[in-house]
Every structure is written in C-alpha cells, then in structure tokens.
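See structure below.
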Amino acid sequence: MPDTPAVHVGPGERNDLEDAVRRAGGRVAALADADAVVWAAGPGDLPDLPDAVRWVQLPSAGIESWFAAGRVDRDRTWTSAAGAYSDAVAEHAVALLLAGVRGLAVSARLSTWDAPAAAEPQSTLRGSTVAIVGAGGIGRAMIPALNALGATVLAVTRRGHDVPGAAETLPADRVGEVWGRADHVVLAAPATSETKALVGAAELAALGPSGWLVNIARGPLVDTDALVDALARGVIAGAALDVTDPEPLPDDHPLWNEPRALITPHVANPPQLQSGGLAARVEDNVRRFAAGEDLVGVVDVDAGY
C-alpha cells in the first residue's frame, strides 16, 4: 500500500469528502492516477476503473443496486457505508417502535379530542423483548436505547457471535425462533436472496396480536401482501415501516389507509445527516488504506453485502 494514497473523489466536487481524504493523509487525484476511489453517487454514474484502483468506497450501506448493475467485481476491494449512518437510523427505528407501542399510529389520525379506546397507548417497551434481526451497526446502536427503556434485546446476526448489550444472540439460520419469543421485531438485515420475503404470514402469526414489526432495512424483506392481510385481520398490533415493497409505495396502496400501519418515506437516514457520516468513514478508511490495515465495511462478494 502507498504511504500517501492517491484517491479519486467523485462525481464532481465533494469538498467534505476531499477534506476527509486529506485529513487521513491521502491526496486527491484524477481517476487515471488513483489508487482508490471514493464514490458519492450510484452505480450507473461510476466510470470504468483503471486496473491501478485497488479499493472503492461506496456511499450507501445497502448496495444491492451495485450488485444488480454488475459493478462489484473481485479485482479490487469494495467497501460499503454500512455502520456509517447507524446512529441516525437507529434513532429513527426506536422512534417508530415507540410510536407503535404507545399508540401514536392511531392517535395521529384522530380528528377529535374525544379519543376512542383504540387510540389510547397500547403498551410499553418496559419489560418487553425486542428482537433485532440483522444486529449490525444499526442494530447495535439501538440496543443502549432499548435497554434504557427497560427492554430486553434478542439479537440475530449472520454467525451468532455475541452482541454487546443483547441478552442473547442467535445465528441467522435460527431466525425462525424469534417470532414466538419476541414481543416486537425490528428488521435491520441486508437485502439478499436469503432475506427476500423473510417475513411472511407464518412469521406474523407467530409474532401475535400485541407485536409490532419495524422495518428500517429494505422493503423486500417483508411479504407485503401477507402484511396487509395480517394488519387488516389484527394478526399483529401494527407495522412501522420506513421502507416498503414496492417503493415508493403507490398512493392508492392499502397500507396508507391501514390504521395499524405507521409509514415514513425512507427518511431514516436523511440527506442532511449523511455527509458527516460518510466523511468520517472515508477518513477512517483512507487512513487504514495508507497503513495497510483492514478496511471498515468490506463487501463480501459471495454474500452480496
């Protein structure tokens, strides 16, 4: 690895990311002269990369579009922004869960002070068990807040290694166990062929009529038709969704009129909060690249994330 890596930042001028490169001891370079690339746009905008480029930093945590476009290769190291935006997304996820269990999904739709019984707070997180499916950076950032609110956390990770703050951690091949054990479930797993329609009718039935489902990962993790049916029949208490399938959710979709659904339009990681998180990741990884150390957020080409 070079002592002073040449890093191309694109597309266009990104002073925040260029400053991060310099703070880490790198120099900003033209693509033709680069050892590494920091890319702040989508796969369709990325030009062909010279053979000398050995590392590419992507701007997003979810990178399924990069695989779909065939841009991630085995010729160089690719890193995602997984974990760079964890605090903001975790905060949104906890807010959605609290809004659900405290009845805000119903109360927010009221047009009268004389509230029906259904609009009263439904439950509390204190004493509950919350399962986090995909307890990576976002899930781990949620745990201190959930613990502080009196909840016990059941974590699911790819290999089942212990997660700090979780009462128990299960490997991904045992995810089916959480639906009958948890009071509420938060989805924070990547979108892969293995996680597509991870949540269907059977899982929702096992979660039960007092359980809330929160999805701040990707819409395809949930079978939307099964969710619509479960909400309409009261199979679960409700669903709080920052992502949907399809996305954007059509204006005439039944979820918009479902009183047990609380929907935010994929805003858990708003643009005004992204710049600082990505710049910090770029600075960290450029410093690691220069020192020949392991990079953060390395993409597993076989796993797809």
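The values are calculated or read from the model by the stated rules, or taken from the named source; none is laboratory data. Everything quoted here is computed from the prediction, not taken from an experiment. A quick note on method: Cβ atoms are made from the backbone with ideal geometry, for glycine too, and the neighbour counts reach across all protein chains shown.
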query = Restricting attention to the range 97-120, does a residue exist that is under 18 Å from the mean Cα position of the chain (by Cα) and in a loop (DSSP other than H, G, I, E, B)?
reply = no
query = Which of (1) in contact with a His (Cβ under 9 Å, 6 or more places away or on another chain); (2) farther than 30 Å from Arg102 by Cα; (3) of a type in the set (Phe, Trp, Tyr) does Trp212 not meet, given it meets every other one?
reply = (2)
query = If we scan the range 292-301, do we find a residue that is modelled with pLDDT of 95 or more, buried (at least 17 other Cβ atoms within 10 Å of the Cβ) and assigned to a helix (DSSP H, G or I)?
reply = no
ask   = In the range 260-268, is there at least one residue being in a helix (DSSP H, G or I), in contact (Cβ under 8 Å) with a residue 40 or more places away in the chain, out of contact with any Phe, Trp or Tyr (no Cβ under 8 Å at 6 or more places or on another chain) and closer than 26 Å to Ser86 by Cα?
value = no
ask   = Restricting the range 62-72 to residues that are touching a residue at least 40 places away in the same chain (Cβ under 8 Å) and buried (at least 18 other Cβ atoms within 10 Å of the Cβ), which is farthest from Gly136 (Cα to Cα)?
value = Val72
task = Could you grab the pairs with beta carbons closer than 6 Å, sequence gap of 6+ or different chains, first residue in the range 33-56 and touching a residue at least 12 places away in the same chain (Cβ under 8 Å) and among the acidic types (Asp, Glu), second one loosely packed, with under 15 Cβ neighbours inside 10 Å and part of a loop (DSSP other than H, G, I, E, B)?
result = Asp35/Pro2; Asp45/Pro11
query = Do we find a residue being touching a strand residue (DSSP E or B) at 6+ places or on another chain (Cβ under 7 Å) and either surrounded by 19 or more Cβ atoms within 10 Å (Cβ to Cβ) or not assigned by TED's automatic domain parsing to the domain that holds Trp66 (or both) anywhere in the range 268-277?
reply = no
inquiry  = Can you tell me which residue is modelled with the highest pLDDT among those in the range 73-90 that are assigned to a loop (DSSP other than H, G, I, E, B) and either buried (at least 20 other Cβ atoms within 10 Å of the Cβ) or among the small types (Gly, Ala, Ser) (or both)?
reply    = Ser80
